[in-house]
Amino acid sequence: MPGSRLEEIYYELPVWLQNGIFSLYGLKLARMRYSPPFFAMLQSLKDSEWWSEERIREHQNERIRSVLRHAYQTVPFYRRWYDEQGVDVDAVTTTADLEQLPVLSKQMVREHADEMISSAFRQRSLTKGLTSGTTGTPLTVYQTREGAAFQWAIWWRHKARFGLKVGDRHLVFGARVPVSQRQVGSPYWRHDLFNKRVYLSTYHISPATVGAIVDYLNSTHFDFFTGYPSAMYALASLAAEADLRLTNRPKYIVAGADALTPEFESAIRHVFGVPVTEQYGMAEFAGNMSKCEAGRFHLDFECCHLEQQPIADGHNQYKLIFTGWGNLAMPFIRYEVGDVGSAAGDGCACGRASISLDRIDGRLEDFVVTPDGRKVIGMNQVLEYACNAKMIQVYQRDTDALELRVVPGTGFGEEDEEALVRELRRRVGPRMTIRIRLVDQFTLSPTGKFRAVISEVASQGEGAP
């Protein structure tokens, strides 16, 4: 639909009808997320999070053996790759044996995506998604309906720790584009009646709109806010500058999708006046970690195993390598996600025995600052649309211009360029010049991190976080 005539028709409709269409789309999502196994999965997860360390280890060893057999027997990529590497899959029987397997990179997934789909499922029965995650590398991911339900059950298990439940009304700070850039005036949000959510267009958060947004939030009640903490921070900062107060407060704020920095969390807590929690996940469903009541990230061990690879001179920092079995249509084994974690001490005050981390340095991007003062986030959802690019970086030197730096892959061409420009335009508006520059490679940080968005404007303080 993005960039299509259907989208143009949608934008031209009255808001009440857009809300109806957005709700119908929400019904489709609800049927996928809350399919029949969902509620049984959620109850089971609420029980298993209190398992002992020994029982967790037994569960993970069993799952490791099962997913390896499944991958070797039904996924062409793993059979070929493991045979080439001389891997004896039958010799891997515990999590400790995983070191015998080679590490999977995002670039390998991108180059061999078609080979990574399990033959145990009909491709027509799978849902297809796009992601660029933390690396600026567009990936296509396939998932079973059961896998989607399991992933959402894990995410709702996290919310349940803080008194939230399915059916609670919530506000989403997302990176999709339900409101046209051409729209002048409120409302800057759309309603999804079936999921009891309101989707705020984060691309309309600006000094000119903050008053209308805060007035709306004070006029209605939400049980929680969720989504990009960078967008929440942008709204909180503007509200503080305008001396606006949120009086109709939610119970909790659930952050995800990008990094919740200490500065973001402090501002969000101060302005919105409620506690903040955080979950870490990915579209690939290779792994997931959720904060507990004591503020630590706990491994959601029911769906994955985590290896922590020490970083030289990393000061207690580790590369995160996940093996996941939550999505058997496209399993990820020893998958290096490109994120870094800080190990926690022994034992957590919450009483859970699962592996825990003090913090995760996930996706951290600069804002793109537009000529009208908006702080635009969610560039990862722009990068998803250039499937023939190896890596992409958004660079901003001036408020009226953006440069897309692209490491092209085989087949990259005019169609990819048009998709990138189209998706940027939907978010930043028509006033910015957009230039595409092809490059050979990017330089990574010493920890292997890649910054997908760099804004010299933001770093100079013009709307910087």
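The values are calculated or read from the model by the stated rules, or taken from the named source; none is laboratory data. Values in this document were obtained by computation on a predicted structure and should not be read as measured data. Every residue, glycine among them, receives a Cβ derived from its backbone with ideal geometry; neighbour counts consider all protein chains shown. These accessible areas exclude ligands, DNA and RNA; they are computed on the full protein's heavy atoms, side chains included. Shrake-Rupley method; radii C 1.70, N 1.55, O 1.52, S 1.80 Å.
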Report task. Please work out how much length the chain gains when fully extended from residue 400 to residue 243, using 0.36 nm per residue of separation minus the C-alpha to C-alpha distance, in nm with one decimal. Result -> 53.7 nm
**Report entry** Accessible area of the range 1-128 divided out per residue, in Å², using a probe of 1.4 angstrom
**Finding:** 59 Å²
Requested in this report: Counting only C-alpha contacts under 8 Å and six or more residues apart, can you give the relative contact order of the chain as a whole percent?
Outcome: 17 percent
Report summary line: For the range 178-263, the per residue accessible area (1.4 Å probe, Å²) is 37 Å²
Report task. Give, to the nearest whole percent, the P(r) tail of the range 4-158 beyond 21 angstrom, counting all Cα pairs. Result -> 64 percent
Query raised in the report: Hey, what do the phi angles of the range 145-157 turn into as Karplus ³J(HN,Hα) couplings, whole Hz, using 6.51/-1.76/1.60 and θ = phi - 60°, x for Gly and Pro?
Result: 4, 5, x, 5, 5, 5, 4, 5, 5, 5, 5, 6, 4
Report task. Putting +1 on Lys and Arg Cβ atoms and -1 on Asp and Glu Cβ atoms, find which of 186, 105, 174 reaches farthest to the positive end of the dipole of the range 88-196. Result -> 186
**Report entry** Cβ crowding within 10 Å averaged over residues, with 163-176, 250-263 ranked highest first
**Finding:** 250-263, 163-176
Query raised in the report: Using a simple charge model, +1 on the beta-carbon of Lys and Arg, -1 on the beta-carbon of Asp and Glu, nothing else, what dipole does the chain show about its Cα centre, in debye to the nearest 20?
Result: 1420 debye
**Report entry** Amide H within-cut-off set for residue 453, under 5 Å, with H built and near neighbours excluded
**Finding:** 366, 394
Query - Accessible-area order (highest first, 1.4 angstrom probe) of the listed residues 156, 51 - result: 51, 156
**Report entry** Inter-label distance, nm, simple model (7 Å from Cα along the C-beta direction), residue 196/residue 95
**Finding:** 3.5 nm
Report task. Sticking with the crude label model, points 7 Å out along Cα→Cβ, report the distance from residue 48 to residue 261 in nm, one decimal please. Result -> 3.6 nm
Query raised in the report: Once both axes come from the Cα atoms, what is the angle between helix 414-428 and the longest principal axis of the chain, in degrees from 0 to 90, rounded to 10?
Result: 60 degrees
Query raised in the report: Per residue, what volume in Å³ does the Cα convex hull of the range 177-273 take up?
Result: 99 Å³
Report task. Please work out the FRET efficiency for the pair residue 115 and residue 59, using the Cβ-Cβ distance as r and a Förster radius of 25 Å; give the result to the nearest 0.05. Result -> 0.30
Report summary line: Expressed in square angstrom to the nearest 10, the accessible area of residue 244 with a 1.4 Å probe stands at 50 Å²
**Report entry** Backbone N within the range 180-216 under 19 Å of label point (7 Å from residue 165 Cα along the Cβ vector)
**Finding:** 194-197
Requested in this report: Take the Cα gyration tensor of the range 282-375, multiply each eigenvalue by 5, square-root it, and list the three semi-axes largest first, rounded to whole angstrom.
Outcome: 25, 19, 15
Query raised in the report: Roughly how many percent of the accessible protein surface of the chain is carbon and sulfur, given a 1.4 Å probe and a whole-percent answer?
Result: 50 percent
Report task. Post the alpha-carbon centroid distance, the range 1-31 to the range 329-354, in whole angstrom. Result -> 38 Å
Requested in this report: List the lysines whose Cα lies under 29 Å from the Cα of residue 251, skipping any in the same chain that are fewer than 8 positions away.
Outcome: 28, 46, 159, 165, 196, 291, 375
Report summary line: A chain fully extended from residue 128 to residue 358 at 0.36 nm per residue, minus the present Cα-Cα distance, gains in nm 79.5 nm
Query raised in the report: Could you list log10 I(q)/I(0) for the range 329-402 at q = 0.12, 0.17 Å⁻¹, which the Debye formula gives when each Cα is one point scatterer?
Result: -0.61, -0.90
